[in-house]
Amino acid sequence: MSRTRTALLAALALVAGASGTALAVTPGDAGLAAVPCTVDYKVQNQWDTGFTAAVTITNNTTAKSSWSLKWAYAGNQKVTSGWNAKISQSGTAVTAANESYNGTLATGGSVSFGFQGTYSGTNAVPATFTLDGVTCNVDGGTDPTDPPDPGGGTKVDNPYAGAKVYVNPEWSAKAAAEPGGSRISNQPTGVWLDRIAAINGVNGGMGLRAHLDKALEQKGSGELVVQLVIYNLPGRDCAALASNGELGATEIDKYKTQYIDPIAAILADPKYASLRIVNTIEIDSLPNLVTNVSPRATATANCDTMKANGNYIKGVGYALNKLGDAPNVYNYVDAGHHGWIGWDDNFSASVQTIKQAATAEGATVNDVQGFITNTANYSALKEQYFTINDSVGGKSVRESKWVDWNRYTDELSFAQAFRQEAVNQGFASGVGMLIDTSRNGWGGTARPTGPGATTDVDTYVNGGRIDRRIHVGNWCNQSGAGLGERPQASPAAGIDAYVWIKPPGESDGSSSAIANDEGKGFDRMCDPTYTGNPRNNNNMSGALPNAPLSGHWFSAQFQQLMQNAYPAL
């Protein structure tokens, strides 16, 4: 099914302000005038049985003195009332014609109307609109009886299916330069846009356009996915100093105008319309508003500030709205990982918080293609030697110190359950999950080969667990970690892909304080001598020594990840 909110071509996905209204395209816009008309159909509000929608038509052909827009619903939507247009419906077919006062539609001009409707089940956006018999949002226009244009602007259910994935040449070169690195240097990884300067390239490196141009070269005649990390919220990573960002807690306007807007403009370039662009949205942000705020023992003053000022919610909503319009762009929102969100008091609340963001700043749930878990983290994909339902000596696995009453033991079960909870709370039934497997393989000599002894529940779990961290809350440059499953599409039910969003070999944070101009602080969780805090139950950090700043190349980590890869290289 399509999860698009609008059926705009990428060429026309620039939006004005938070309203999401399509910008008019004038005949003088080189290469764009061939699109005869555009329609921006936006579900503004939605509840259990009803919704309101706003529609904006832009005419790019000869001026009109009257107009008639038609579309058909795939579901059982019914228009019950409207404004600024005469709206009629027969079966699934809807016609909206001008009122006496808004029939004039100049070349390059726009007109808007709205309506209220009912539905049950899903409320999918119509795939095709025709203005006076000419198909909109399609280069050159088509007769409505023609077959769909393959570039006509409908999102696919899973962008990874049947597609290659972009290999970042900058990461690939670093990986290939390492002894043995050529074994994985051809793997696709995420491109991190972690500051404003990254859009145009930092220190002579590739900017966003350079990556997209290179992706077009790699694409050939098939489909290709480009994976971007949108990661620059105000007050970023309020509970982890190593990944703090350049924007202060109140700089939401700068985030919108100097970061998201320029990215949106580049992604809307028709040059890149043939690429499938996957955005992973603001890693480790929204779950902080659930777990690391007062009155929790894990609360931080920075997270309390970000919850109070609402700028995480506003920022994510704005990003989803601005980036979600283009039909070739797919947004996946970060959902933490099972060792963070898997407890009862975190799980449903995190989905609620993401939904709050997905309906803020003009965004809707249809701007969300899915969710990503385990980004830059180490939680095992599948614990094969014990389950959450096991008991030893009359004690449930949930009572073990490692599981500690969590509902989930690994990322696959957590991701599948998270997807279902998101659907239950109003996200589209077809949302998919991504799982980052770049550092969660846990192979090597320490990997268990069978269940632990049944002496007691802790011995059983500790003896058989794949994840060999000291504590599930440890996240920085973990000693003993290995590469996990290689990137692949549709590996399990509800999972769109296993991905390497965090490029192996890039540090999680520095082992000691390092002066820098990137806004990155020193987090003791990256210090191998640190004895912990409430977020890891006051255990040792388990971090590797001599690590550089987050995002910088860490050869020792890269070598360890290859050595302990599972499946082995």
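Show the residue pairs meeting these rules: Cβ distance below 9 Å; 6+ apart or different chains; first residue within the stretch 243-254 and within 16 Å of residue 197 (Cβ to Cβ); second residue open to solvent by 70 Å² or more (accessible area, probe 1.4 Å) and among the basic types (Lys, Arg).
247/254
Run down 167, 202, 138, 125 and say which single residue is of a type in the set (Val, Ile, Thr) and either modelled with pLDDT of 95 or more or part of a helix (DSSP H, G or I) (or both). So that I can check it myself, show each step before the final result.
Values: 202 fails: either modelled with pLDDT of 95 or more or part of a helix (DSSP H, G or I) (or both); 138 fails: either modelled with pLDDT of 95 or more or part of a helix (DSSP H, G or I) (or both); 125 fails: either modelled with pLDDT of 95 or more or part of a helix (DSSP H, G or I) (or both).
Result: 167 is the single residue among 167, 202, 138, 125 that is of a type in the set (Val, Ile, Thr) and either modelled with pLDDT of 95 or more or part of a helix (DSSP H, G or I) (or both).
Among the candidates 87, 57, single out the residue that is part of a strand (DSSP E or B) and under 30 Å from the mean Cα position of the chain (by Cα). It would help to see each step written out before you state the result.
Numbers: 87 fails: under 30 Å from the mean Cα position of the chain (by Cα).
Residue meeting the stated conditions: 57.
Go over the candidates 352, 384 one by one and state the one that is open to solvent by 20 Å² or more (accessible area, probe 1.4 Å), part of a helix (DSSP H, G or I) and at pLDDT 95 or above. Don't jump to the end; show me each part of the working.
On the way: 384 fails: part of a helix (DSSP H, G or I).
Exactly one of 352, 384 is open to solvent by 20 Å² or more (accessible area, probe 1.4 Å), part of a helix (DSSP H, G or I) and at pLDDT 95 or above, namely 352.
So, in the stretch 154-182, how many residues would count as being surrounded by fewer than 22 Cβ atoms within 10 Å (Cβ to Cβ) and over 16 Å from residue 557 (Cβ atoms)?
Counting residues in the stretch 154-182 that are surrounded by fewer than 22 Cβ atoms within 10 Å (Cβ to Cβ) and over 16 Å from residue 557 (Cβ atoms) gives 15.
For the stretch 307-334, which residues satisfy the criterion of being within 22 Å of residue 237 (Cβ to Cβ) and among the aliphatic types (A, V, I, L, M)?
308, 313, 316, 319, 320, 323, 333, listed by residue number.
Residue 376: assigned to a loop (DSSP other than H, G, I, E, B) and open to solvent by less than 40 Å² (accessible area, probe 1.4 Å), yes or no? Steps first, please.
Details: assigned to a loop (DSSP other than H, G, I, E, B): yes; open to solvent by less than 40 Å² (accessible area, probe 1.4 Å): yes.
Answer is yes for this residue.
So the check is Cβ under 6 Å with 6+ separation or different chains; which pairs have a first residue in the stretch 517-531 that's among the small types (Gly, Ala, Ser) and a second one that's open to solvent by 40 Å² or more (accessible area, probe 1.4 Å)?
Short answer, once both residue conditions are applied: 519/246; 521/241.
Can you tell me how many residues within the stretch 60-81 are under 15 Å from residue 125 (Cβ atoms) and either of a type in the set (Ser, Thr, Tyr) or outside any strand (DSSP E or B) (or both)?
Going through the stretch 60-81 one residue at a time, the tally reaches 5.
Only residues that are assigned to a helix (DSSP H, G or I) and open to solvent by 10 Å² or more (accessible area, probe 1.4 Å): list them for the stretch 355-373, please. Quick ask: steps written out before the conclusion?
Keep residues of the stretch 355-373 that are assigned to a helix (DSSP H, G or I), which gives 355-358, 365-367.
Of everything in the stretch 355-373, those that are assigned to a helix (DSSP H, G or I) and open to solvent by 10 Å² or more (accessible area, probe 1.4 Å) turn out to be 355, 356, 365, 366.
Condition test on residue 484, is it buried (at least 17 other Cβ atoms within 10 Å of the Cβ) and either touching a residue at least 24 places away in the same chain (Cβ under 8 Å) or in a loop (DSSP other than H, G, I, E, B) (or both)?
Working: buried (at least 17 other Cβ atoms within 10 Å of the Cβ): yes; either touching a residue at least 24 places away in the same chain (Cβ under 8 Å) or in a loop (DSSP other than H, G, I, E, B) (or both): yes.
The answer is yes for residue 484.
Please go through (1) open to solvent by 30 Å² or more (accessible area, probe 1.4 Å); (2) assigned to a loop (DSSP other than H, G, I, E, B); (3) modelled with pLDDT of 95 or more; (4) not hydrophobic (A, V, I, L, M, F, W, C) for residue 448 and return the number of the only condition it doesn't satisfy.
So residue 448 meets the others, but not (1).
Kindly list the number of the only condition in (1) within 21 Å of residue 284 (Cβ to Cβ); (2) open to solvent by 10 Å² or more (accessible area, probe 1.4 Å); (3) free of Cβ contacts under 8 Å to residues at least 60 places away in the same chain; (4) not aliphatic (A, V, I, L, M) that fails for residue 507.
(2)
Output the residues belonging to the stretch 209-229 that are part of a strand (DSSP E or B) and open to solvent by 50 Å² or more (accessible area, probe 1.4 Å). Give the derivation first.
Of all residues in the stretch 209-229, those part of a strand (DSSP E or B) come to 223-229.
Passing the criteria: only 223.
Looking only at the stretch 546-569, count how many residues are under 9 Å from residue 507 (Cα atoms) and either among the acidic types (Asp, Glu) or outside any helix (DSSP H, G or I) (or both).
So the answer is 8.
State which residue pairs qualify: first residue more than 15 Å from residue 260 (Cα to Cα) and inside the stretch 357-369, second residue open to solvent by 20 Å² or more (accessible area, probe 1.4 Å) and of a type in the set (Gly, Ala, Ser) in any location, beta carbons under 8 Å apart, and separation of 6 or more residues or different chains.
Close Cβ pairs (under 8 Å, with a partner that is open to solvent by 20 Å² or more (accessible area, probe 1.4 Å) and of a type in the set (Gly, Ala, Ser)) amount to 365/426.
For the condition touching a helix residue (DSSP H, G or I) at 6+ places or on another chain (Cβ under 9 Å), touching a residue at least 40 places away in the same chain (Cβ under 8 Å) and within 23 Å of residue 551 (Cα to Cα), what is the one hit in 215, 264, 268?
Working: 264 fails: within 23 Å of residue 551 (Cα to Cα); 268 fails: within 23 Å of residue 551 (Cα to Cα).
Among 215, 264, 268, only 215 is touching a helix residue (DSSP H, G or I) at 6+ places or on another chain (Cβ under 9 Å), touching a residue at least 40 places away in the same chain (Cβ under 8 Å) and within 23 Å of residue 551 (Cα to Cα).
Could you say which residue among 277, 260 is surrounded by 16 or more Cβ atoms within 10 Å (Cβ to Cβ), among the hydrophobic types (A, V, I, L, M, F, W, C) and closer than 21 Å to residue 235 by Cα? So that I can check it myself, show each step before the final result.
On the way: 277 fails: closer than 21 Å to residue 235 by Cα.
Just a single option satisfies the conditions, and that option is 260.
Could you please find all residues in the stretch 87-115 being at positive phi and open to solvent by 20 Å² or more (accessible area, probe 1.4 Å)?
Start the filter on the stretch 87-115 by keeping residues that are at positive phi, which leaves 91, 108.
Within the stretch 87-115, just 91 meets the criteria.
What pairs can you find where one residue is in the stretch 315-333 and closer than 23 Å to residue 274 by Cβ, the other is basic (Lys, Arg) and in a strand (DSSP E or B), and their Cβ atoms are less than 6 Å apart, with a gap of 6+ or different chains?
Close Cβ pairs satisfying both conditions: 328/276.
Which residues, taken from the stretch 308-337, are part of a helix (DSSP H, G or I) and either under 16 Å from residue 254 (Cα atoms) or open to solvent by 10 Å² or more (accessible area, probe 1.4 Å) (or both)? Don't jump to the end; show me each part of the working.
From the stretch 308-337, those part of a helix (DSSP H, G or I) are 308-309, 311-323; that's our starting set.
Selection gives 308, 309, 311, 312, 313, 314, 315, 316, 317, 318, 319, 322.
Please determine, by comparing only the residues of the stretch 90-122 that are free of Cβ contacts under 8 Å to residues at least 24 places away in the same chain and outside any loop (DSSP other than H, G, I, E, B), which one is nearest to residue 428 (Cα to Cα). Walk me through it before giving the result.
Residues of the stretch 90-122 that are free of Cβ contacts under 8 Å to residues at least 24 places away in the same chain, as a first pass: 90-93, 99-102.
Going one step further and asking which of them are outside any loop (DSSP other than H, G, I, E, B), we end up with 90, 93.
Details: 90: 26, 93: 23 Å.
Only one residue tops the list, namely 93.
Need pairs with beta-carbon distance below 8 Å; first residue within 25 Å of residue 521 (Cα to Cα) and within the stretch 550-569, second charged (D, E, K, R) and open to solvent by 60 Å² or more (accessible area, probe 1.4 Å); sequence gap 6+ or separate chains.
Correct list of pairs: 553/174.
Is there a residue being touching a helix residue (DSSP H, G or I) at 6+ places or on another chain (Cβ under 7 Å), closer than 15 Å to residue 486 by Cβ and surrounded by 15 or more Cβ atoms within 10 Å (Cβ to Cβ) anywhere in the stretch 185-197?
Yes; the residues of the stretch 185-197 include at least one that is touching a helix residue (DSSP H, G or I) at 6+ places or on another chain (Cβ under 7 Å), closer than 15 Å to residue 486 by Cβ and surrounded by 15 or more Cβ atoms within 10 Å (Cβ to Cβ).
Can you tell me which of (1) under 25 Å from residue 332 (Cβ atoms); (2) open to solvent by 10 Å² or more (accessible area, probe 1.4 Å); (3) without any contact (Cβ under 8 Å) to a residue 60 or more places away in the chain is the one residue 502 doesn't meet?
(3)
What pairs come up if the first residue lies in the stretch 414-439 and is closer than 12 Å to residue 494 by Cα and open to solvent by 10 Å² or more (accessible area, probe 1.4 Å), the second is part of a loop (DSSP other than H, G, I, E, B) and small (Gly, Ala, Ser), and their beta carbons are under 7 Å apart, counting only those six or more places apart or on different chains?
From residues that are closer than 12 Å to residue 494 by Cα and open to solvent by 10 Å² or more (accessible area, probe 1.4 Å), the pairs are 416/493; 416/494; 419/494; 423/429.
I'd like the full set of residues that are more than 24 Å from residue 377 (Cα to Cα), of a type in the set (S, T, N, Q) and outside any helix (DSSP H, G or I), limited to the stretch 389-426.
Just the residues of the stretch 389-426 that are more than 24 Å from residue 377 (Cα to Cα), to begin with: 389-396, 423-426.
Next, from what is left, pick out any that are of a type in the set (S, T, N, Q): 389, 391, 396, 424-425.
389, 391, 396, 425 - these are the residues of the stretch 389-426 that are more than 24 Å from residue 377 (Cα to Cα), of a type in the set (S, T, N, Q) and outside any helix (DSSP H, G or I).
The values are calculated or read from the model by the stated rules, or taken from the named source; none is laboratory data. Every value quoted in this text rests on a predicted model; they were computed, and no experiment measured them. Backbone-built Cβ (ideal geometry, glycine too); neighbour counts: all protein chains shown. Each accessible area value is taken on the protein alone, full model and side chains, heavy atoms only, with ligands, DNA and RNA left out. Shrake-Rupley method; radii C 1.70, N 1.55, O 1.52, S 1.80 Å.
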